[in-house]
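The structure appears right after this line, and notes come after that.
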Amino acid sequence: MTPDVEQQIEDWSQTLRSAPTGQRFLVSGGGTKPSLLTGTGTGTGTGTGTAEKRIGSSLPSGSGSGRTVAEQSRALAESDGAAPQTLDTRGLSGIIEYRPAEFTITAYAGTPVSVVLEALAQHGQYLPFESPFHVATGPEERSDDAGRWRRADLAARTTIGGLVAAGINGPGRLRHGGLRDFILEVRYLDGEGAIRRGGRRVVKNAAGFDIPKLLVGSCGRLGVILDVTFKVFPRPLDYLTMRVMSENIDSTIEIIATLTTHPWDLDALEVQPDGSVLIRLAGHSDALVKHGQRIQSRLSKYYSSFLTGPQQHQAWTAYADWLWGEADHAVARVPVSLRGLFDLDESLDEMEIERAYGSGGNVAWLRWLPSSENPGTRLKRLHKCLCEVKCCGQVIQGLGLGSWLGAFPGQAFYQHLKNVFDPRGRLGNF
Amino acid sequence: MTANESSTLGDATLELHRRLQSIYPPERLLTKRGQLAAYESDGLTVFQTRPLAVVVPTSAEDIVATVKLCQELGVPYVPRGSGTSLSGGCVPHAEGIVIALNRLNQILQVDPVQCTAVVEPGVINLEISKAAAPYGLYYAPDPSSQQVCTIGGNLAFNAGGAHCLKYGMTSNHVLGAKVVLPDGEMVELGSGGLEQVGPDLLGMFVGSEGLMGIAVEITVRLLPKPEAFHTVMAGYPSLRAAGDAVAQIVASGLLPGAIEIMDRLSMDAATRAVGVAYPADAQAVLIVELDGTTETVEIEKRALQQLIDASAATATLVAATAEQRAMIWKGRKSAFSAVGLISPDFLVQDTVVPRTRLGEVLEAIEALSRETGIRVANVFHAGDGNLHPLILFDGRVQGELERAEALSARIIRLCIEQGGSITGEHGVGMEKREFLPDLFGAADVDFMRRLRRELDPGEVSNRGKMFPDGEAPALRVVGLHPLESQGIASRM
């Protein structure tokens, strides 16, 4: 525990406790992801580009819907007469406890993801769900390509608490589980300023309500995350990637279904924007090639190739860059099912939205360049389309950052929980 | 109901029965003493209470109507599957009813493309794997009672099993649920797939011990059956030595499917019960199972053998056939009920300790056992630090139960002091509710209770569980659960 950080937490607690009615708070981390109310001026630029306009009223209501950060702040201020106060978690930084032999790590919410990953790497460990800004196959390099996010910078900037609040997983989700499956304990402030703790720092625990899981994806609306404990895993010794060329969405779905129903322990299975399928195997290098050849023979009707070394790393960094690399693009994340993929893909084609499908077809990453005349058009159509197919999603970068798309399942249950976590709505709503 | 029985019931009970008759036909509304007997206790046999009625819904609509009626009348209800809870999680309330979910037992869909199954809450855990087997898939969580326990109960208590180390608990395998909240409203939680947006409402619901409502339809993840297994049993001169070997295996970076330990008492019991032979001179055996692709298991098994050779192991047996593997697991999974052969009664614990402190905690438990003169058998999920000390006693002897409970409390507090938890996979239920504040502190327990009361102000849904200061528990009985004495169920 770090005394000045603890003092900061104590101060926030007091601030929340003594705040007048109507005072709102915005939780902000590194501003790289959708805690989505990142406060003005602290973000990376996502959502504050030239096309800064409010999305139409067809989106679900709520302080986060379809507005830029600046607008959200203004709207909150107008409705309640008080400017929202930003709680910037970057001051809560540092690893509190790392026990490699126990395979658990505890860090303050504002600790950069890169710091956590580096500490883990020294003991051959990692967070298997993979931060989307981190490429598992090799060391991060700084790239200075103009107009691109530098992922190394992103990992240095993304905070561990923000990762939890955003609830975003990378390719490791398919085999190892998501962030929700690795979070063990969380300390947080509720909307009334009480310092609370949920879960415990052991790898297995069935006591009490699972509050750590609830806060995954909560986007700062239920509490201010202060510190987090994760279970970690041993990092695989080596990786091998196969690229399989698929001609159309039908073949892609067939490839995924063939692979996920066989006991091949795929480390990752991702459909790239160009339609090719990346298959990653992990483990002992002696086993990988033989393992890969068996998969190749199973998929013999498709053209495939093995990627190793720099080639392999390049394939995965290119994929990450597609997602996070273009600041002027809007990006949305939409959980999907393999069965619904065909119809969704067709609709996305009509809307001229680029897409990749992650975690064996369990999530769609959508990307588009908002038009300068009607910047919100695609977003509105996408929202309508997702409502029709009873899916939901969230804009995680660019115009409309934080917008909820489609249905909100379980809303009645959420509202009950919100009434207790944040009865006066100080932390905003979806 | 006979005239005699009905004359002994109060007006409120008669009114309850009358109202329930408007929802249930006579064959699905049980009110006679003889009918209710089977529902008086669960896997934790020290508690026993007769409910006012048992209803057997066959649809979600039945459940909604029942829950709304219970709210209207302020009558507590207990949802129940097969009643195998080891924490008293489905012990009835004396002024309430039991909602028996066993007839909601349809596997609605097995989808071999998406690798999911949609099931009703009364489906038996193992039945899901059987239904998925033709596609080479299975449902991973494997509590020892998987032949009888239901998926609804697994979800309510976030059940574990021997393979949690690699595969996680029930919560890691539930992808969606239709839930009837305590006020009767139906909500859908989870996306039905691996990913979701917004707060993890489903993650919050799983493990809420029936306090936040009843899951009426559940979507679970199915996994491809591992291609290869490698199962090893190694004998050790002491529990500590076996515990130290676990720490070495975990630290090596191997991620076995399961790492289990049995002590001498448990081995002797398992030998008597199912005839499995163990190394004669060993005070503990370690069971390690690797699974995965043929290539990976081939490499990892050599690494594992080196670790075992370097440890204090005195004997090693590698399962050469599927039958030998099954035998090792049969001995392990029968251990709880087998202990019934060497002691008339026992309490089973479910504490968790940090894995690096296993050896130390096991020695402390042995010392407590010597100090109190109470025998303690140990059989547990060593890989996750999830202990199951079995405290042996004879309930017919005056004061033995109380002494056993006192020892149990000392072990639980010891594990909390070591940075552990009071339960790894059985849940808090009625049994461990007094210890919840020791683990979380009074303020956080109070906060959880506020969450519960927000959803259910009258605490109608599974009243008396999880939170301390619940109403007085039930009568105590001694002896094995009827299912245990038949060898059908066991307590882990």
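Observations on the model:
- Note on region B:228-417: along the principal axes its Cα atoms extend 58, 36, 26 Å, ordered by decreasing extent.
- Rounded FRET efficiency, nearest 0.05, which uses the C-beta distance separating A:R298 from A:A121 and R0 of 41 Å: 0.80
- Carbon and sulfur %, accessible surface of the protein assembly as shown computed with the full protein complex present, 1.4 Å: 49
- Ellipsoid semi-axes for region A:187-323, based on the Cα gyration tensor and the rule √(5λ), read 39, 18, 15 Å when sorted largest first.
- Inter-label distance, nm, simple model (7 Å from Cα along the C-beta direction), B:S343/B:F229: 2.9
- Over the protein assembly as shown: helical MRE at 222 nm, DSSP H runs n ≥ 4 each giving -39500 (n - 2.57), nearest 500: -10000 deg cm²/dmol
- Annotation for B:R272 and A:A83: the two label points, set 7 Å from Cα along the Cα-Cβ direction, are 7.7 nm apart.
- Ranked by solvent-accessible area (1.4 Å probe, protein heavy atoms only, all chains present), the residues B:I342, A:I168 order from largest to smallest as B:I342, A:I168.
- Across region B:297-309, coupling constants 3J(HN,Hα) worked out from phi with the 6.51/-1.76/1.60 Karplus curve, θ = phi - 60°, read 4, 4, 6, 5, 5, 5, 4, 5, 4, 4, 5, 5, 4 Hz, and Gly and Pro carry x.
- A Förster distance of 56 Å, applied to the separation of the beta-carbon atoms of B:K68 and B:Q324, puts the FRET efficiency at 0.55.
- Chain B: angle of helix B:358-372 to the longest principal axis, Cα-based, in degrees nearest 10: 70
- √(5λ) per eigenvalue of the Cα gyration tensor, the protein assembly as shown, largest first, Å: 43, 34, 27
- Electrostatic dipole magnitude of region B:228-417 [Cβ: Lys, Arg +1; Asp, Glu -1; Cα centre; debye, to 20]: 220
- Distance between the C-alpha centres of region B:247-322 and region A:335-409: 49 Å, rounded to the whole angstrom.
- log10 of Debye I(q)/I(0), alpha-carbon scatterers only, for region A:329-403 at 0.13, 0.18, 0.27 Å⁻¹: -0.32, -0.63, -1.48
- Chain lengthening between B:V397 and B:R370 when straightened (0.36 nm per residue, less Cα-Cα): 7.8 nm
- Under the Karplus curve 6.51 cos²θ - 1.76 cosθ + 1.60, θ = phi - 60°, whole-Hz ³J(HN,Hα) for region A:230-238, x wherever Gly or Pro sits: 10, 7, 10, 10, x, 7, x, 5, 7
- Interface size B-A, as summed buried accessible area [1.4 Å probe, Å², nearest 100]: 6700
- If the Kirkwood radius is taken over C-alpha pairs of region A:171-247, then at 10 °C and 1.306 mPa s the Stokes-Einstein diffusion coefficient equals 109 µm²/s.
- Area accessible to solvent at B:S266, 1.4 Å probe radius, in Å²: 0
- Partner chain coverage, peptide B:413-422 - average Cβ within 10 angstrom: 3
- Charge dipole (Cα centre; +1 on Lys/Arg Cβ, -1 on Asp/Glu Cβ; no other charges) of the protein assembly as shown amounts to roughly 440 debye.
- Against chain B, whose longest principal axis comes from its Cα atoms, helix B:400-417 is set at around 70 degrees.
- Relative intensity, log₁₀ I(q)/I(0), of region B:189-330 from a Debye sum that treats every alpha carbon as a point, q = 0.16 Å⁻¹: -0.89
- Taking amide hydrogens as placed 1.01 Å from N in the peptide plane, the amide H of A:I96 sits under 5 Å from those of A:T106, A:A107, A:Y108, each at least 5 positions away in sequence or on another chain.
- Across chain B, the relative contact order, built from alpha-carbon pairs under 8 Å that are at least six residues apart, equals 17 percent.
- A viscosity of 1.567 mPa s and a temperature of 4 °C, combined with the Kirkwood radius over Cα pairs in Stokes-Einstein, give a translational diffusion coefficient for region A:274-430 of 71 µm²/s.
- Loop sites in region A:241-283: GluC sites (Glu not before Pro), DSSP, at most 15 other Cβ within 10 Å: A:E247
- Among A:S114, B:L290, B:L368 the positive-end extreme of the charge dipole of the protein assembly as shown (Cβ point charges): B:L368
- Between the beta carbons of B:Q248 and A:M1, assuming R0 = 41 Å, the FRET efficiency works out to 0.85 to the nearest 0.05.
- Debye equation applied to the C-alpha atoms of chain B, log10 I(q)/I(0) at 0.07, 0.10 Å⁻¹: -0.37, -0.76
The values are calculated or read from the model by the stated rules, or taken from the named source; none is laboratory data. The structure displayed is predicted, hence computed values, not measured ones. Backbone-built Cβ (ideal geometry, glycine too); neighbour counts: all protein chains shown. Heavy atoms of the whole protein, side chains included, go into the accessibility calculation; ligands, DNA and RNA do not. Shrake-Rupley method; radii C 1.70, N 1.55, O 1.52, S 1.80 Å.
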